[in-house]
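Every read-out reported here was derived from the displayed coordinates using simple, explicitly stated rules and does not represent laboratory data. Since we're looking at a predicted model, the values are computed, not measured. With ideal geometry, Cβ positions are generated from the backbone for all residues, glycine too; neighbour counts draw on all protein chains shown.
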Amino acid sequence: MNKSLSIFGLLGLFIIATVSMSSCSAQNSSSIVLEKAKERRESQEEKELFEGGLFFNKEEQAENKQKQTTLEEKEEVSDDFFDRSFQLVFFGDSLTQGVGDSTKKGGFTPFVKEHYLSKSYIDEVSMTNLGVRGNRTNHLLKRLKQPEVQEALQSADVIFMTVGGNDLMKVIRENFLDLNFELFDKEQAEYAERLETVISEVRKNNPNSTIYVVGLFNPFYEFFKEIPEMNEVVTNWNETTVSVLEKHPKTAFVPIQELFHDTDENLLDDDQFHPNEKGYQLIGNEVVKQVIEYNEEVLLEENLLQERE
């Protein structure tokens with residue numbers, strides 16, 4: 001749609017006021033093959049003769065067997081050998097930082113940590129919060145060059161990201177007097193390219209851990225229900241994020257848009273833009289829900305593959 005949306009103007013003014021990735025050659029000679037086979041047969045016969053008692057009596061054989069069993073038992077690794085700790089890394093913008101959470105506990109992140117702590121196979125869960133207020137995709141790309149960010153991502157067992165909200169808000173702030181769908185569509189395509197690069201760079205640091213990306217919500221819904229276009233923009237933005245993640249294995253999308261629609265509870269901070277502690281709790285619960293569903297889906301796929309083999 002190319003029509004100018006004058007109703008976005010009111011929304012824009014309100015936003016400005018409230019938000020600052022040996023070979024070897026084969027030998028084909030039949031004589032060589034036969035010779036090798038003969039060597040293996042003779043070697044096996046000598047081994048059987050040797051172990052059959054020609055050189056050892058039954059007592060010695062039993063003793064050797066016991067020694068072998070003891071050696072094998074010693075080589076078994078105890079449960080204490082395995083690392084039972086878990087490292088969660090949160091990377092992104094103000095939603096990751098937890099801006100608006102009056103408890104100052106980290107927004108939705110402690111609810112995710114609690115989920116992993118509840119697992120019997122995990123003794124300790126540590127978190128690294130790399131959230132920075134105002135970060136857009138281009139900021140995340142710059143930060144991905146920092147050694148401390150790279151080290152944190154490399155050690156992560158699971159990675160959670162919030163991204164995209166500030167990319168969207170940049171369009172609104174810079175064009176609030178003349179907003180139209182064409183502007184959003186153009187920036188959306190550029191956002192998709194940057195997000196693709198962000199995910200690829202994260203994967204360079206950590207090829208195996210699952211990446212969960214939290215979607216966007218419309219903080220202006222309650223105040224501007226009469227402007228459905230804004231919801232459409234947020235929906236399109238989330239769909240763009242999903243389309244990028246579909247290109248990358250071991251990634252999942254966490255939808256939160258509906259959490260902030262038609263609710264009787266106040267889920268926003270006093271700035272009427274960031275979630276409050278209740279809003280973050282709902283986001284945390286949704287993240288945990290998606291983690292459970294994703295792992296159940298992966299387990300189901302693995303079982304199906306085993307059945308087919």
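Tabulated data for the structure shown
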item	result
Listed residue pairs exceeding 29 Å between alpha carbons, taken from 145/250; 104/186; 225/250	104/186; 225/250
Difference of contour (0.36 nm per residue) and Cα-Cα distance, residue 271 to residue 232	11.8 nm
Distance histogram for the range 85-308 (every C-alpha pair counted, 5 angstrom bins, percent rounded to whole numbers)	1, 6, 14, 19, 20, 17, 12, 6, 3, 1, 0, 0
Virtual paramagnetic centre 7 Å along Cα→Cβ of residue 248, amide N under 11 Å, in the range 143-161	159-161
Estimated FRET transfer efficiency when R0 is 35 angstrom, pair residue 174-residue 121 (beta carbons, to 0.05)	0.10
Pair residue 223, residue 259: separation of 7 Å Cα→Cβ label points (nm)	2.1
Flagged links, alpha-carbon separation over 26 Å, of 247/289; 105/204; 119/247	105/204; 119/247
Charge context of residue 116, other residues only, Cβ under 13 angstrom, K/R +1, D/E -1	-1
Residues with amide H under 5 Å from that of residue 92, placed H, sequence gap 5 or more	130, 131, 132, 162
Theoretical FRET efficiency, 1/(1+(r/R0)^6), r = Cβ-Cβ of residue 239 and residue 300, R0 35 Å, to 0.05	0.90
